[in-house]
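The values are calculated or read from the model by the stated rules, or taken from the named source; none is laboratory data. Since the structure is predicted, the reported quantities are computational estimates derived from the model, not experimental observations. Glycine gets a Cβ as well: all are built from the backbone with ideal geometry, and neighbour counts include every protein chain shown.
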Amino acid sequence: MNGVVCDECTRAAMVRAVAGRGLPAIEPGMPVPAGTGLTRRTFVARSLGLALGVYGAGKLSLFEGGIAEAAAAPQGPILVTVFLEGGADALSLLAPVGDPLYRKLRPSLAVTGGTPYTADTALAWHPSLAPLAQLDGEGKVAVFPAVGYDHPDQSHFTSRHFWEVGATDPQLLTGWLGRYLDAAGRPDNPLQGLSLGGALQPSLATAHLPVASIDGPNQYDFWVPGVWGEVEGRMLDGMDALGRIRSDDAAFATAANVTLQSATLRRQLLPFASDKGISSPVQYPSGDDSFPAQLQGLAAMIAAGLPLHCVALGASGEYDTHAGQKAALTSALSMTAASLYAFQRDLEARGIADRVLTLVWSEFGRRAEENGSGGTDHGAAGAAFLIGSRVSGGQVGEFPGLSSLDDDGNVKATTDFRGVYCALLEQWFGFDAERVVPDGSSFQRPKLVA
Amino acid sequence: MYRGRFGLPQAERLLWRAGFGPREGEAQALAKLGLDGAVRSLVDPGPEKLVGPRPHDDKGRRLAPADAWGEDHCWWLDRMVRTSRPLVERMTLVWHDWFATSNEGVGSQRLMLRQNQLFRSHALGSFSQLLLDVTHDPAMLIWLNGNENDKDAPNENYAREMMELFTLGADRGAYTEHDVREQARSLTGWRNRWSSGRGDYYFHFDRRRHDTGVKRVFGKSGRFDWRDACRLCVGHPLHPSFFVTKLWSYFVPVPPDRATLLGLEEIYRRGRQVKPVVQAILGHPAIYDGPRMVKPPVVFTAGLLRRIGAGITTTDWAWIGSLCGQQLFYPPNVAGWDDTRWLDTATFRGRWIAVERLLRGHQHDPGKPPKGFPRTADGVFARSMAFWNAPQLSAETKATLRHVARLAIADAGNEDWKTRQYPVLLGNALRELIAVSPDVQTS
């Protein structure tokens, strides 16, 4: 199941290589920057230090626009959601070592050697989650050992869909955070709902208001060979203008809309258009994994005052462990946990930890009994974590034990994920959850924010 | 059946939905055939000819699709660009999405290409046969753990997805969790060998690992094996409606009305054949009168290359495909790509870069304006349109681009170097804007 042929290093190098631009011809009388021979990227990077004068009056407004929007953003709360894709095995994340049935059901996969979980010592952290255990010791983690919903669906896609839209409704098209942003967001700020990793995360799908999706904050430029200077400015304005074309045709309107959002986002991210990389006060896990790099960029964007509000991204690794579960989980969890730990320490070092909560979730847990391939099949209740300095730490909903599995041999949920969403909307955003979560009044809200 | 006018716009749209857009003169030729003839020429294209410059990497070497990272993507993209059988290639892409297998889990470009050839050979054939062959296709056996599904410890992965995603659909009452488990038992017995030199090889059915007991599936009992598992799915009363609805969604962005759905099911039930269903869909008014669709990224990219008669001259297309949200042989998961969400701010930038990469080497040097290069806004706009072989743009889009052109020409004022260089810079810029316009992103 491994054998990832793609060489991320090579790919990253290639993506950078795209910025290796041909230089414009130099003629006397040309304005800077075109005549300096600087690439656009390095120019913009230097412009951060060199103030704005050299950029020319025409572009000044664009640049100032990005800064002004950032500065005008309230220093409000930010929610980050991290998705463990594939159905992470809750019985490994928080191993029920105190349950006599555990070794029976998991003869080859029972996890051993982890730190006991303080609130329920019958559970033990997966050894790879030691960084979370440490944050938990500081009271910065809320632990959901069995979260899910009634009548669990064992399809990846259906169950993930339920979590993304915040309802057990297969037809709902907007995400739970998307609906919140539609009600509470702004029409001119795509960064309010930010997907990291290059694809829109469904939880952020809105009906009306713009949201954004990027790989990283310093990679969002629009360059064309043989175009520079004033004409480049006109071209980028033209991108904006194409985005403002109205149409009754849904696909055309979508294409126009995304064009406009991209033009707006480009302006917002101008302060990050740099090749220098991002400097952080703490060390993130190294290597070619994109997850720590995304969190690192995220912390820097928040620190720079960009108007972020809801952020969604996928964790490191792949959690659909039908086979070879032990090794796959060990590496995926250690990269994920070490990155989350660095992110928390980064936020603390930058003095912005009070503004950020991070919810770690998966579409379901896995079958209590292991299969014959050294793995586990799809199950029901899963584990989730809420991390942050403002978290009301401790256990939310108890672990129901392995002697009371459901008819399919799966762990039953003791917390409904929609109750978690309602609690976050109300306690973190101060927003009426019933405007976002269907039947919102019927779910119990745990206390999540201290 | 569509009865309206079948002219150039209709022929162009058909070529986008059933293939990768027109090459120069292709839409005109297709329009002359009339709707019937045009559709027939697509579903019965005759033997494949590859037309246009042969593909190579950045150093002029032949592609190594089985070995080098990303060259599998470029190899297939080339086939989309050069094929004389666009619908066969488009259906191959449909099956790649339908039975979405990712090399992320398979780890062998060789096996992925073998599966790709399977999809191509069944492109417009029998779905029953396709399902049987996919079920023991080596890449699929690895991807959904069919090769680890043992009678003593069944692995449900393939059993579930074959019903949920390949034949019946979730949440339609077609099957229960119990059926998933029983189908997994029917599918037991496939395995393969592995060596460090050869990787995964010798995929075969091992009777000793097969569960020969009685299974109960969809209310029927028997000593079912993998063939029965496929047969039961394809024979399920809820399969035809799932099949035609899913197939329809690749060609038309809104669901079929009830009469259309029943008609297509009727055609499909006659022999579980793909071709007559596709033929009926391509002749349906919804293709010609219905709303536009966002082009999938590889269709968009292959279409631009076809439009200007260019070939594959770089392997950059692989990572650019990934930036656009579609790297071939790497669908995001077993459900395939989400055709309703191709466009967001990240993938829009990916498409911008695809156009930019294509333009490299074609752009005029502003320092050396070509002889007779126009200096008026309208002249420059017309020249950039001609570069792309005059794609169809809406009046609003044309007006927007002409406005950009007028502003840039006005910027030049009377400064000598500007009046010489700005028209060329503008021509280069307009090429990009035309290709990323909402009109060209959709069809």
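Evaluation of A:Val311 against the conditions (1) at pLDDT 95 or above; (2) assigned to a helix (DSSP H, G or I) shows that the sole unmet condition is (2). Restricted to region B:285-361, the set of helices (runs of 4 or more DSSP H) holding at least 2 residues that are farther than 22 Å from B:Leu247 by Cα and touching a residue at least 12 places away in the same chain (Cβ under 8 Å) comprises B:297-307, B:316-323, B:345-359. Checked against the criterion of being in contact with a strand residue (DSSP E or B) (Cβ under 6 Å, 6 or more places away or on another chain) and outside the structural domain of A:Gly175 (by TED's automatic domain parsing), region A:241-253 contains one or more residues that satisfy it.
Against the conditions (1) facing chain B (nearest Cβ under 7 Å); (2) among the charged types (D, E, K, R); (3) over 15 Å from B:Glu396 (Cβ atoms), A:Arg267 satisfies every one except (1).
Yes/no matrix, rows are residues, columns are (1) assigned to a loop (DSSP other than H, G, I, E, B); (2) surrounded by 16 or more Cβ atoms within 10 Å (Cβ to Cβ):
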{"residue": "A:Asp120", "(1), (2)": "yes, yes"}
{"residue": "A:Ala146", "(1), (2)": "no, yes"}
{"residue": "A:Asp150", "(1), (2)": "yes, no"}
{"residue": "A:Asp153", "(1), (2)": "yes, yes"}
{"residue": "A:Thr158", "(1), (2)": "no, yes"}
{"residue": "A:His161", "(1), (2)": "no, yes"}
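With respect to the stated conditions, B:Leu93 is among the hydrophobic types (A, V, I, L, M, F, W, C) and under 23 Å from B:Arg79 (Cβ atoms).
Of the residues A:Ala241, A:Ala212, A:Ala255, the single one that is within 7 Å of chain B (Cβ to nearest Cβ) and touching a His at 6+ places or on another chain (Cβ under 8 Å) is A:Ala241.
For region B:381-430, filtered to residues that are assigned to a helix (DSSP H, G or I) and of a type in the set (Asp, Glu), the residue that is farthest from the other protein chains (Cβ to nearest Cβ) is B:Asp416.
Residue count for region A:400-450 satisfying the condition of being without any contact (Cβ under 8 Å) to a residue 40 or more places away in the chain and small (Gly, Ala, Ser): 8. In region B:332-364, the residue that is surrounded by the fewest Cβ atoms within 10 Å (Cβ to Cβ) out of those that are more than 8 Å from chain A (Cβ to nearest Cβ) and of a type in the set (Asp, Glu) is B:Asp339.
Considering region A:353-379, and only residues there that are under 19 Å from A:Gln154 (Cα atoms) and outside any loop (DSSP other than H, G, I, E, B), the residue that is nearest to the chain's Cα centre (by Cα) turns out to be A:Trp361. Under 30 Å from B:Tyr288 (Cβ atoms) and more than 14 Å from every other protein chain (Cβ to nearest Cβ) - does that describe any residue in region B:62-76? Yes; the residues of region B:62-76 include at least one that is under 30 Å from B:Tyr288 (Cβ atoms) and more than 14 Å from every other protein chain (Cβ to nearest Cβ). Within region A:222-231, restricting attention to residues that are on the phi < 0 side of the Ramachandran plot and buried (at least 22 other Cβ atoms within 10 Å of the Cβ), the residue that is farthest from the other protein chains (Cβ to nearest Cβ) is A:Trp228. B:Ala100 passes every criterion in (1) assigned to a helix (DSSP H, G or I); (2) under 15 Å from B:Leu247 (Cα atoms); (3) within 14 Å of chain A (Cβ to nearest Cβ) apart from (1).
Residues are listed down the side, and each one gets a yes or a no for (1) surrounded by 15 or more Cβ atoms within 10 Å (Cβ to Cβ); (2) assigned to a helix (DSSP H, G or I); (3) in contact with a Ser or Thr (Cβ under 9 Å, 6 or more places away or on another chain); (4) among the aromatic types (Phe, Trp, Tyr):
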site: B:Arg13; (1), (2), (3), (4): yes, yes, yes, no
site: B:Ala31; (1), (2), (3), (4): yes, yes, no, no
site: B:Arg61; (1), (2), (3), (4): no, no, no, no
site: B:Glu89; (1), (2), (3), (4): yes, yes, yes, no
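Against the numbered list (1) within 21 Å of the chain's Cα centre (by Cα); (2) of a type outside the set (A, V, I, L, M, F, W, C); (3) surrounded by fewer than 23 Cβ atoms within 10 Å (Cβ to Cβ), A:Pro107 comes up short only at (1).
Restricting attention to region A:177-198, which residues are in contact with a Pro (Cβ under 9 Å, 6 or more places away or on another chain) and surrounded by fewer than 21 Cβ atoms within 10 Å (Cβ to Cβ)? Hits for region A:177-198 are A:Arg186, A:Pro187, A:Asp188. Answer yes if at least one residue in region A:323-330 is surrounded by 20 or more Cβ atoms within 10 Å (Cβ to Cβ) and of a type in the set (Lys, Arg), and no otherwise. Scanning region A:323-330 turns up no residue that is surrounded by 20 or more Cβ atoms within 10 Å (Cβ to Cβ) and of a type in the set (Lys, Arg).
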